Amino acid sequence: MPAPLPPLPTMVVGSLPQPDWLIDRERLGHQFPPRVRAAELWRIEPQLLQEAQDDATLAAIRSQEEAGLDILTDGEIRRESYSNHFATALDGLDLEHPGTVRNRSGIDIPVPRVTGDIRRPGPVQVDDVRFLRAHTDRTIKITVPGPFTMSQQAQNDHYPDDRALALAYADVVREEIAELFAAGADIVQLDEPWLQARPDVARRYGAEALTRAAADAPGPVHVHLCFGYAAMVADRPDGYSFLPELADTPVAAVSVETAQSRLDPASLRPLRGKALVLGVLDLSTPDVETPETIADRVRRALDDVDVERLMLSSDCGLKYLPRASAAGKMRALAQAAALLRSELSLEIPRR
């Protein structure tokens with residue numbers, strides 16, 4: 001069993017940079033994250049790919065441990081994007097004849113075309129959790145794309161409306177969540193950036209889909225909202241357009257970005273009943289912040305959040321950063337947390 005978490009536990013949102021020998025990072029960085037499969041990104045032959053992904057995942061685990069993070073992910077090393085690994089593993093989709101959706105940058109991109117009932121033929125990420133659990137004794141988190149986001153990243157040619165599609169995705173996500181906890185996950189995070197990207201639609205059924213997915217989960221479910229990868233979306237709004245709506249959902253924690261967006265922490269007050277995962281690493285630059293800079297980003301929020309329920313993270317995934325930058329930012333995050341624990345006289349629990 002992992003040791004008790006310290007105050008202000010640290011983690012990354014999910015992804016870490018994949019090695020150049022594993023994936024074509026230049027090509028990856030010059031296209032929008034794929035929603036259908038993109039096998040052409042991998043540099044390794046198919047028969048050797050799993051072994052190579054295992055090796056790269058081990059490196060990702062060690063990099064987080066060496067940085068001093070408290071909660072570890074698998075770095076999403078096996079994924080071409082945060083969402084397509086799970087979304088394309090489901091039944092009811094035509095991936096050979098994809099549909100199109102306009103993405104957050106206003107560009108039409110290929111997406112799964114829904115032609116039948118969305119079903120999960122079997123566990124999708126259980127083996128990923130087991131691998132992660134077998135290779136660290138720290139608290140572990142696994143990420144899954146959220147039902148609302150998947151419904152917005154698909155062309156609906158089957159369900160009567162998009163709400164019905166989102167609820168169908170919620171059912172398969174709920175099934176996956178239960179099996180991920182059974183396999184050893186300590187936290188499951190649902191990635192829901194499209195709640196922010198399409199707030200008008202989200203207000204109609206986004207919270208309903210999220211509630212359905214997280215209901216009766218056997219462990220803590222986090223939900224992550226952001227403004228998109230810094231490598232893909234440069235302009236940040238000055239606040240979240242969908243945040244108070246999460247207060248009545250059954251998620252244990254809400255993960256938001258505040259570093260690059262310079263989010264007004266007062267906007268977090270409606271979520272005082274939940275734990276908050278504060279994004280305090282700016283991913284728009286490879287420059288590594290000092291621990292003091294990161295600590296200042298936390299300090300500005302302390303009057304508006306419950307410090308006893310506060311966690312510290314990156315704004316979004318570190319996937320598009322150079323590996324050295326990602327390692328440096330993770331170290332600085334852990335050092336900032338240590339500085340703040342001492343400054344605020346927060347007691348670290350013993351085993």
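Miscellaneous remarks
- Every listed requirement among (1) surrounded by fewer than 20 Cβ atoms within 10 Å (Cβ to Cβ); (2) in contact with a strand residue (DSSP E or B) (Cβ under 7 Å, 6 or more places away or on another chain) is met by Val307 save one, (2).
- Flag if Glu96 is assigned to a helix (DSSP H, G or I), of a type outside the set (S, T, N, Q) and surrounded by fewer than 21 Cβ atoms within 10 Å (Cβ to Cβ): no
- Neighbours by Cβ (under 7 Å, 6+ apart or cross-chain): first from region 39-63, more than 21 Å from Gly317 (Cα to Cα); second modelled with pLDDT under 95 and surrounded by 13 or more Cβ atoms within 10 Å (Cβ to Cβ): Arg43/Asp24; Leu49/Trp42
- Within region 1-25, being outside any loop (DSSP other than H, G, I, E, B) and either of a type in the set (S, T, N, Q) or touching a residue at least 12 places away in the same chain (Cβ under 8 Å) (or both) holds for Thr10, Ser15, Ile23.
- When every residue of region 86-93 is checked against the conditions, at least one turns out to be under 20 Å from Tyr169 (Cα atoms), small (Gly, Ala, Ser) and in contact with a helix residue (DSSP H, G or I) (Cβ under 9 Å, 6 or more places away or on another chain).
- Every residue from region 69-87 that is among the aromatic types (Phe, Trp, Tyr) and surrounded by 24 or more Cβ atoms within 10 Å (Cβ to Cβ): Tyr82
- Some residue of region 287-306 being farther than 30 Å from Leu210 by Cα, of a type in the set (A, V, I, L, M, F, W, C), touching a helix residue (DSSP H, G or I) at 6+ places or on another chain (Cβ under 6 Å) and touching a residue at least 60 places away in the same chain (Cβ under 8 Å): no
- Of all residues in region 30-88, those being more than 24 Å from Leu333 (Cβ to Cβ), touching a strand residue (DSSP E or B) at 6+ places or on another chain (Cβ under 9 Å), among the small types (Gly, Ala, Ser) and in a loop (DSSP other than H, G, I, E, B) number 1.
So that you can scan it fast, the table gives a plain yes or no per residue for (1) under 22 Å from the mean Cα position of the chain (by Cα); (2) among the charged types (D, E, K, R); (3) surrounded by fewer than 20 Cβ atoms within 10 Å (Cβ to Cβ):
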position	(1), (2), (3)
Leu268	yes, no, no
Gly273	yes, no, yes
Val277	yes, no, no
Leu281	yes, no, no
Thr290	no, no, yes
Thr293	no, no, yes
Asp296	no, yes, yes
Asp303	no, yes, yes
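- For region 226-252, filtered to residues that are outside any loop (DSSP other than H, G, I, E, B) and surrounded by fewer than 22 Cβ atoms within 10 Å (Cβ to Cβ), the residue that is modelled with the lowest pLDDT is Pro244.
- Residues being crowded, with 24+ Cβ neighbours inside 10 Å and assigned to a helix (DSSP H, G or I) - total across region 125-151: 7
- In region 254-280, the residues that are in contact (Cβ under 8 Å) with a residue 60 or more places away in the chain and either in a loop (DSSP other than H, G, I, E, B) or of a type in the set (A, V, I, L, M, F, W, C) (or both): Val277
- Answer residue from region 80-128, given it is farther than 26 Å from Glu179 by Cα, aliphatic (A, V, I, L, M) and within 22 Å of the chain's Cα centre (by Cα) and is modelled with the highest pLDDT among those: Val111
- In region 322-351, the qualifying residues are those that are over 24 Å from Val254 (Cα atoms) and outside any helix (DSSP H, G or I), and the one that is modelled with the lowest pLDDT is Arg351.
- Candidate set from region 197-222 (those that are surrounded by 24 or more Cβ atoms within 10 Å (Cβ to Cβ) and in contact with a helix residue (DSSP H, G or I) (Cβ under 8 Å, 6 or more places away or on another chain)); member that is farthest from Gln153 (Cα to Cα): Val221
The values are calculated or read from the model by the stated rules, or taken from the named source; none is laboratory data. Bear in mind the structure is a predicted one, so any value in this text is a computation, not a measurement. Quick reminder, even Gly has a Cβ in these numbers, built from the backbone with ideal geometry, and neighbours come from all protein chains shown.
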